[in-house]
Amino acid sequence: MVQDEQVLVDRISSGDSTAFQEFVERYKKKIYYIAYDITGDQDDAEDVSQEVFIKVFRSLKTFRRNAKISSWLYQISVNASIDLLRKKSSKPEKLMDDIERADIQENLPGSSTNTQNPERSAEDLIIQKHISEALQKVSPKERSVFVMRHYNELKIREIAEILKVSPGTVKALFYRATRKLRKELSFYLGNPGLEVSNE
Amino acid sequence: MSDCKKCQDLFCEAFYEELNAEQKNFVESHISICEGCESEYDEMISTLKVMEKRTRPEPEQAYWNGYWNKLARKMEEEKSLAPKTESWRHNFTRAFTFAPKWALQTAAAVVLVVLGIYIGKMIFSPSTPEFQQARQLSTVTSQVEQSAEFTNRAQNYIERSKLILLALINFDPETEDPYVLNLPHQQQVSRELVNEASFLKRGIADSDQRHLQGLITDLEVILLQVANLESERDFEAIELVKKGADSRGILLQIHVTDFRQSTKIKDKTTPPSTASNTFLDM
């Protein structure tokens, strides 16, 4: 895989016009989702992911050949997402946009989820809303670590490499994030009757 | 490290089944005898299971199909802005490319003759006392200007360092979000100030300004520590920086320097017979 990545990078550097498109097609979803997981907003995820590819295209020549390109991409994505959150820190209400949008879509007349099982859909919506709110309560760095491990299946060592910290720091950030999430979601944890099922 | 701490450090890898056999045995055996760690681990598992219920809104296929075109358009827009900055350079070189060769040769000859006359006048013209006086005056003026510029830079350095110090000293990790510190910015400024410190130290040759040199050196150490902080959450390191600033009495030194500076200004503006001057002479 790493060799394959290297071939692609070499092709881009040598001016192969289709290689960069191939590169974008390969990584677009990964980058979009990691940006979404950190920012919590679809528009921001789109902006961040495109900004990441533009940055990569500009600086691919300076890319260290012995480094892993996916780690480098994640590093740029995480930094760009955290930077965007810092810029937007004065407008926290925007973070809930997608939930509100989903709320409207789910309740539209004729919506499939709405007509099939309205009670289930409302319950799901509430859970989604609570989880998103809880994630936004965690600091951006803790959230980055948490989403990289839990939703993007990156190993502790890879995350440490991406964030340029020790594996111990990654574990500590993950643990802290989990504790904060536990506090925020205690409603689902403390009452067995209300605990969500994994159907 | 206690067994509980060691065990909790492995919780994350235990959940994602990334432990080797030895670590797995350790976690399992510790949990079986430690109720605290057992309940901690169970709660972590329940939290992560709730978090697994999260779904991301999936963009439609049309979005992914159009992703490359959108990106390519954006890159094209950015690219179209680039030639504007290069155009003046292009025009400048083009002007020379299309000028006739004889015109360029004549222009070069004229420039050389004018330069030769100017240099000859400077070197061989007799130096009159008025000319020497004027030269001395201009040298003194430039020295005064340099000294004023140096003082301004030193004051600016101290003021900016003071702001960074105050931000750190007033930061309370128990009540404030560490991101309020805006550490990347503070580190950027600290690095600039460390560079500035080396310039200032070179400039202080006057023995009279030894206290200023000491303050600049002390601040430089603190600023280096700030520039090397790992993260906003590195509370121990932040506390060390605070203690360092405290033990060196940096804020007190800054106040003393400010006071000295203000009395120097007063000195220059008030007549020699005033009371304040007598006090300073004591």
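Rundown of residues vs (1) within 14 Å of another protein chain (Cβ to nearest Cβ); (2) of a type in the set (Ser, Thr, Tyr); (3) surrounded by 17 or more Cβ atoms within 10 Å (Cβ to Cβ), yes/no style:
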position	(1), (2), (3)
A:Gln6	no, no, no
A:Arg11	no, no, no
A:Gln21	yes, no, no
A:Ile31	yes, no, yes
A:Ser49	yes, yes, yes
A:Val56	yes, no, yes
A:Ser59	yes, yes, no
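Working only within region B:143-161, note down all residues that are surrounded by 18 or more Cβ atoms within 10 Å (Cβ to Cβ) and not hydroxyl-bearing (Ser, Thr, Tyr). If you could, list the steps in order and put the result at the bottom.
Within region B:143-161, the first condition is being surrounded by 18 or more Cβ atoms within 10 Å (Cβ to Cβ), and the residues that meet it are B:154, B:157-158, B:161.
Answer for region B:143-161, where residues must be surrounded by 18 or more Cβ atoms within 10 Å (Cβ to Cβ) and not hydroxyl-bearing (Ser, Thr, Tyr): B:Ala154, B:Ile158.
Within region B:50-69, which residues are among the hydrophobic types (A, V, I, L, M, F, W, C) and either surrounded by 11 or more Cβ atoms within 10 Å (Cβ to Cβ) or in the same structural domain as B:Phe15 (by TED's automatic domain parsing) (or both)? Write out each step before concluding.
First pass over region B:50-69, keeping only residues among the hydrophobic types (A, V, I, L, M, F, W, C): B:50-51, B:62, B:64, B:68.
Answer for region B:50-69, where residues must be among the hydrophobic types (A, V, I, L, M, F, W, C) and either surrounded by 11 or more Cβ atoms within 10 Å (Cβ to Cβ) or in the same structural domain as B:Phe15 (by TED's automatic domain parsing) (or both): B:Val50, B:Met51, B:Trp64, B:Trp68.
Take region B:174-216 and flag every residue that is among the hydroxyl-bearing types (Ser, Thr, Tyr), surrounded by fewer than 15 Cβ atoms within 10 Å (Cβ to Cβ) and either in a helix (DSSP H, G or I) or in contact with an Asp or Glu (Cβ under 6 Å, 6 or more places away or on another chain) (or both). Break it down stepwise before answering.
So in region B:174-216, the residues among the hydroxyl-bearing types (Ser, Thr, Tyr) come out as B:175, B:179, B:190, B:198, B:207.
Restricting the remaining residues to those that are surrounded by fewer than 15 Cβ atoms within 10 Å (Cβ to Cβ) gives B:175, B:198, B:207.
Once the filter is applied, which keeps residues that are among the hydroxyl-bearing types (Ser, Thr, Tyr), surrounded by fewer than 15 Cβ atoms within 10 Å (Cβ to Cβ) and either in a helix (DSSP H, G or I) or in contact with an Asp or Glu (Cβ under 6 Å, 6 or more places away or on another chain) (or both), region B:174-216 yields B:Ser198, B:Ser207.
Can B:Ile45 be described as among the β-branched types (Val, Ile, Thr), more than 7 Å from chain A (Cβ to nearest Cβ) and out of contact with any helix residue (DSSP H, G or I) (no Cβ under 8 Å at 6 or more places or on another chain)? Even if it seems obvious, please write down each step before you answer.
Numbers: among the β-branched types (Val, Ile, Thr): yes; more than 7 Å from chain A (Cβ to nearest Cβ): yes; out of contact with any helix residue (DSSP H, G or I) (no Cβ under 8 Å at 6 or more places or on another chain): no.
Judged against the criteria, B:Ile45 is not a match.
Restricting attention to region B:13-64, report how many residues are part of a helix (DSSP H, G or I) and touching a residue at least 24 places away in the same chain (Cβ under 8 Å). It would help to see each step written out before you state the result.
To start, the set of residues in region B:13-64 that are part of a helix (DSSP H, G or I) comprises B:13-15, B:21-33, B:35-51, B:61-64.
Now restrict to residues that are touching a residue at least 24 places away in the same chain (Cβ under 8 Å): B:14-15, B:30-31, B:36-37, B:40-41, B:44-45, B:48.
Count: 11.
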Within region B:15-35, considering residues that are in contact with a Cys (Cβ under 9 Å, 6 or more places away or on another chain) and either within 14 Å of chain A (Cβ to nearest Cβ) or among the hydrophobic types (A, V, I, L, M, F, W, C) (or both), the one farthest from B:Ser2 (Cα to Cα): B:Glu18
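Considering every residue within region B:230-240, establish whether at least one is out of contact with any His (no Cβ under 7 Å at 6 or more places or on another chain), of a type in the set (D, E, K, R) and in a helix (DSSP H, G or I). Steps first, answer last, please.
Taking region B:230-240 and keeping what is out of contact with any His (no Cβ under 7 Å at 6 or more places or on another chain), we get B:230-240.
Now restrict to residues that are of a type in the set (D, E, K, R): B:230, B:232-234, B:236, B:239.
Restricting the remaining residues to those that are in a helix (DSSP H, G or I) gives B:236, B:239.
Yes, region B:230-240 has at least one match.
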If you scan region A:1-48, which residues turn out to be modelled with pLDDT of 90 or more, over 20 Å from A:Lys68 (Cβ atoms) and of a type in the set (Gly, Ala, Ser)? A:Gly40, A:Ala45
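The values are calculated or read from the model by the stated rules, or taken from the named source; none is laboratory data. The model shown is predicted, which means the values in this text are computed figures rather than measured ones. All Cβ positions, glycine included, derive from the backbone under ideal geometry; neighbour counts span all protein chains shown.
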